[in-house]
Amino acid sequence: MWVWFALGSAVFAALTSILAKVGIEGVSSNLATAIRTVVVVVMAWGMVFLTNSQGGIRDISQKSWIFLILSGLATGASWLCYYKALQLGEASKVVPIDKLSVIITLALAFVFLHEEFTVKSLVGCVLIGAGTLLMAL
């Protein structure tokens, strides 16, 4: 089932890039990011209430709070950089560079989460890196 959600994420991320590139025209990248963030917050809380998950907030550990807040800060920084890059560059070049996050995530997962780094992972990273260079040039 996770594969379907991952594919959905990819489709919506692609739509995000195209819609953002059109929407950001003539708008400050910081303001555009803030507007997008408000929409995401409303949508996320809507899903929490729709699925009746709001009661779980009391059960979140201090460690989880810290890491969720840090993740939110990283997301915000990523979005600010992404929107500025989209404003200044072509989506067809910005998006592949943004997707270098796959390589960075694999490396961080190996170092900090002790996830397995296989030959298949290494080959995939090399191909993603090469593809990114090819598309961004």
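Read the figures in this text as sums done on the coordinates, not as results from a lab. Keep in mind that what you see is a predicted model, and the values were worked out from it rather than measured. When we count neighbours, we look across all protein chains shown, and the Cβ atoms used for this are built from the backbone with ideal geometry, even at glycine.
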Original post:
For a paramagnetic label modelled at 7 Å from the Cα of Leu31 toward its Cβ, which residues of region 70-90 fall within the zone defined by backbone nitrogen distances under 18 Å?
Top reply: 80-81, 83-88
**OP:** Please give the contour-minus-distance gain from Ala74 to Val123: 0.36 nm per residue of separation, less the Cα-Cα distance, rounded to one decimal in nm.
**Re:** 14.9 nm
**OP:** Enter the Cα centre distance for the pair region 85-132 and region 37-78, rounded to the nearest angstrom.
**Re:** 25
**OP:** Rounded, prolate or oblate: pick one for region 54-130, where a ≥ b ≥ c are the square roots of the eigenvalues of its C-alpha gyration tensor, a/c under 1.5 means rounded, and failing that, prolate if a/b is larger than b/c, else oblate.
**Re:** oblate
Original post:
Among all helices in the chain defined by DSSP H, which have a length of 18 Å or more along the axis from Cα atoms plus a Kyte-Doolittle mean of at least 1.0?
Top reply: 2-23, 29-50, 119-136
Original post:
Relative to a virtual label point 7 Å from the Cα of Val111 in the Cα→beta-carbon direction, which members of region 52-76 show backbone nitrogen distances below 11 Å?
Top reply: none
**OP:** With r as the distance between the Cβ atoms of Lys99 and Lys63 and R0 = 41 Å, compute the FRET efficiency 1/(1 + (r/R0)^6) and round to 0.05.
**Re:** 0.90
Subject >> Positive minus negative residues near Leu19 (Lys, Arg vs Asp, Glu; Cβ under 12 Å) >> reply: +1
